[in-house]
Amino acid sequence: MDRETVIVLDFGGQYNQLIARRVRECNVYCEVKPYTISLDEIKAMKPKGIIFTGGPNSVYEDTSPSCSREIFELGIPVLGICYGSQLMAHLLGGTVKTAPVSEYGHTKVSVDTTDILFEGASSESICWMSHTDYIAQVPEGFRITAHTPVCPAAAMSFPEKKLYATQFHPEVMHTREGMKMLENFVFNVCGCIGDWKMDSFVETTIQSLKEKIGSGKVLCALSGGVDSSVAAVLLSKAVGKQLTCVFVDHGLLRKNEGDEVEKVFGPNGAYELNFIRVNAQQRYYEKLKGVTEPEEKRKIIGSEFIRVFEEEAKKIGAVDFLVQGTIYPDVIESGLGKSAVIKSHHNVGGLPDVVDFKEIIEPLRMLFKDEVRKAGLELGIPKYLVFRQPFPGPGLGIRIIGEVTEEKVKIVQEADYIYREEVAKAGLDENLGQYFAALTNMRSVGVMGDFRTYDYAIALRAVNTSDFMTAEAAQIPWEVLQKVTNRIVNEVKGVNRVLYDCTGKPPGTIEFE
Ligand code: XMP
């Protein structure tokens, strides 16, 4: 099938998937490919355009990632971003040097609005810069189309060859008119129509899963969260009963959640698949007894999960494929990309060693959370499930500070349930990125009736975020917080105080541990 495709050539930049996402927002299919891809492979994909990402290297070092100069002779439009722009300049005979002044962050930029890339943009704008090298001299045939006070060639173009480059990052929200620039590239330079939709992602993914799996057996660890649910439904639509989903109830789920998952995916649910629920609550509480250190808790919950899963997998026997609902931010934050490990995510990189299978399938690996939701809606998954709060693999285990006990799980479940109920009643739920109650390890003195209490404090958290990599504390109306506080203190035994977390990410993280 010939669909409009733009390739993002990855030179190790932080924003490679973000660029792809922006192109998909133009309704053009986009794939990230390593810079080592051959010219023949590129030609075979018949891309309408190629975008070079940024990267941490300097183009003038021998070991830095590069590509063949011939890529510019294919007649395919190329947009180089940051390192990608420097690489274009370097390969085509320009000069790249260490800049006398590095630029980082919001930067004033003057652009030439007669250039096709900047058509419709303001001549003075704000862009996002992050570089220590710069293009000191543009290659022959190019002209400079943007500059900042310290960067003489903040953008360059060679329209006859359809080559464009920006030192700044148009894909980042902070570049005020970045989306317009990318649209100009995708539509006006590459000539895309923009007829691709998320449902094409669903259709093509189901089709390619069918082809890949054939009559093979597939195993999926289903958590009931958005990601694994969407992955499971994609698989169910592709191969039906060849798929077995194992749902481990570790006793650290939200109130009623185990039953809700069973209702949707179990034998009386809407999907064609085999469903196994493992009730492993007590086993987890035993393992977590006396453990207080967050990473240790995460590791225990993760490895116990693997053990339970392994036992089930053994009963099922050898499978051909293992499905994981990994999405893009998981990959980045678990340090599987190039960035540092922040938390060891539970659903990335664990299962493969212990299950006998041929291949891992991660159909959502390229997507951001909101894109996964869009795919979920396309798949006809109930709205309440698609917009369910993101819920971490280690569950309430990392929302209970300190030791996890069955009693504390009950407390946080009840408090969280009330919080969610009131937030939904106030109509705030769809606009919040994530919100939940956590149980602090703090007990304090209170008075209820005429009695002294010495009970736990619940912390409420709500954040606005679209990518979950950064977030800000949401401003929940005071009346709602007051109502939630009253209800929690009155209805949840063991709690006499409610706190609201005002911290953003960074410096905080969304979860408490
Ligand atoms: P943090 O706390 O790192 O969370 O700011 C970012 C997003 O990731 C979720 N999260 C996890 N999801 N397994 C997951 O599947 C995990 O181990 C895990 N830890 C955090 C968190 O809920 C938030 O949406």
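Okay, here's what the table says:
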item	result
Any hit, the range 207-228, residues being among the hydroxyl-bearing types (Ser, Thr, Tyr), in contact (Cβ under 8 Å) with a residue 12 or more places away in the chain and assigned to a helix (DSSP H, G or I)	yes
Those helices (runs of 4 or more DSSP H) lying entirely in the range 324-390 with at least 2 residues farther than 28 Å from Glu312 by Cβ, more than 10 Å from the ligand (Cβ to nearest atom) and modelled with pLDDT of 70 or more	369-378
Meets criteria (part of a helix (DSSP H, G or I) and surrounded by fewer than 13 Cβ atoms within 10 Å (Cβ to Cβ)) for Glu430	yes
Neighbours by Cβ (under 6 Å, 6+ apart or cross-chain): first from the range 192-204, part of a loop (DSSP other than H, G, I, E, B); second aliphatic (A, V, I, L, M) and surrounded by 14 or more Cβ atoms within 10 Å (Cβ to Cβ)	Cys192/Val28; Cys192/Val186; Gly194/Val28; Trp196/Val28
Those strands (runs of 3 or more DSSP E) lying entirely in the range 19-131 with at least 3 residues within 16 Å of His169 (Cα to Cα)	49-52, 78-81, 95-111
Close pairs from the range 1-16: first among the charged types (D, E, K, R), partner assigned to a strand (DSSP E or B), Cβ under 7 Å, at least 6 apart	Arg3/Tyr29; Glu4/Tyr29; Asp10/Val32; Asp10/Lys33; Asp10/Pro34
Enumeration of residues in the range 456-513 that are in contact with a Gly (Cβ under 8 Å, 6 or more places away or on another chain), in a loop (DSSP other than H, G, I, E, B) and small (Gly, Ala, Ser)	Ser466, Ala474
Count - residues of the range 391-402 that are more than 16 Å from Tyr328 (Cα to Cα) and within 16 Å of the ligand (Cβ to nearest atom)	8
Unmet criterion (only one of (1) modelled with pLDDT of 95 or more; (2) polar (S, T, N, Q); (3) within 16 Å of the ligand (Cβ to nearest atom)) for Thr405	(3)
When residues of the range 454-508 are limited to those that are surrounded by fewer than 17 Cβ atoms within 10 Å (Cβ to Cβ), more than 18 Å from Ser444 (Cα to Cα) and polar (S, T, N, Q), the one nearest to the ligand (Cβ to nearest atom)	Thr470
Where a residue in the range 83-98 is assigned by TED's automatic domain parsing to the domain that holds Ser130 and surrounded by fewer than 21 Cβ atoms within 10 Å (Cβ to Cβ) and its partner, wherever it lies, is assigned to a helix (DSSP H, G or I) and of a type in the set (D, E, K, R), with Cβ under 6 Å and at least six apart	Leu91/Arg69
Flag for Phe305 being out of contact with any helix residue (DSSP H, G or I) (no Cβ under 8 Å at 6 or more places or on another chain) and buried (at least 21 other Cβ atoms within 10 Å of the Cβ)	yes
Condition met for Gly449 (touching a helix residue (DSSP H, G or I) at 6+ places or on another chain (Cβ under 8 Å) and at positive phi)	no
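The values are calculated or read from the model by the stated rules, or taken from the named source; none is laboratory data. This is a predicted model, so every value here is computed, not measured. Quick reminder, even Gly has a Cβ in these numbers, built from the backbone with ideal geometry, and neighbours come from all protein chains shown.
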